[in-house]
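*Asks:* A single structure is presented below for examination.
The values are calculated or read from the model by the stated rules, or taken from the named source; none is laboratory data. Given the structure is predicted, the values throughout are model-derived calculations rather than measurements. In this analysis, Cβ positions are derived from the backbone assuming ideal geometry, glycine residues included, and neighbour counts consider all displayed protein chains. For the accessible areas, the whole protein counts, side chains as well, though only heavy atoms, and no ligand, DNA or RNA atoms are used. Shrake-Rupley method; radii C 1.70, N 1.55, O 1.52, S 1.80 Å.
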Amino acid sequence: MTNETIQVQGMSCDHCVKAVEGAVGGLDGVDTVNVHLQEGNVDVSFDNEKVKLDAITEAIEDQGYDVV
């Protein structure tokens with residue numbers, strides 16, 4: 001398993017948490033997703049053989065948030 005912390009701008013409420021966790025958590029190979037609103041980041045644990053970090057960041061950006 002690979003663990004990454006992704007800095008994300010634009011998240012401000014529970015809807016943001018559900019949108020990001022739903023989009024990223026739905027990717028094949030993602031084990032866990034934890035959004036931290038106060039810190040502005042997302043912790044993701046995933047199988048690098050099944051899903052790449054680029055696909056995860058794209059899923060976040062597709063929800064309307066900016067990965068920095």
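*Asks:* For Thr57, all conditions in the list (1) of a type in the set (S, T, N, Q); (2) within 9 Å of the chain's Cα centre (by Cα); (3) in a strand (DSSP E or B) hold save one; what is the number of the exception?
*Replies:* So the condition that Thr57 fails would be (3).
*Asks:* Find all pairs meeting these conditions: Cβ atoms under 8 angstrom apart; at least six residues apart or on different chains; first residue within the stretch 35-64 and open to solvent by less than 20 Å² (accessible area, probe 1.4 Å); second residue small (Gly, Ala, Ser).
*Replies:* Matching pairs, first to second residue: Phe46/Gly29; Val51/Gly29; Ala59/Ala23; Ala59/Gly26; Ile60/Ala23.
*Asks:* Can I ask one more? Give the residues of the stretch 35-54 that are within 15 Å of Val67 (Cα to Cα) and assigned to a strand (DSSP E or B), sorted by residue number.
*Replies:* Val35, His36, Asn41, Val42, Asp43, Val44
*Asks:* If you don't mind, there's one more thing I want to ask. Mind counting the residues in the stretch 1-23 that are within 18 Å of Val68 (Cβ to Cβ), assigned to a loop (DSSP other than H, G, I, E, B) and either in contact with a Ser or Thr (Cβ under 7 Å, 6 or more places away or on another chain) or open to solvent by 50 Å² or more (accessible area, probe 1.4 Å) (or both)?
*Replies:* 2
*Asks:* Right, here's the next one. For Val68, are the conditions met, namely being at pLDDT below 95 and in contact with a strand residue (DSSP E or B) (Cβ under 9 Å, 6 or more places away or on another chain)?
*Replies:* yes
*Asks:* Restricting to the stretch 1-33, give me the number of residues that are free of Cβ contacts under 8 Å to residues at least 12 places away in the same chain and touching a strand residue (DSSP E or B) at 6+ places or on another chain (Cβ under 7 Å).
*Replies:* 1
*Asks:* Next up: Test Ser45 against the stated conditions and say whether it is of a type in the set (S, T, N, Q) and modelled with pLDDT of 95 or more. Spell out how you get there, then give the answer.
*Replies:* Details: of a type in the set (S, T, N, Q): yes; modelled with pLDDT of 95 or more: yes.
Judged against the criteria, Ser45 is a match.
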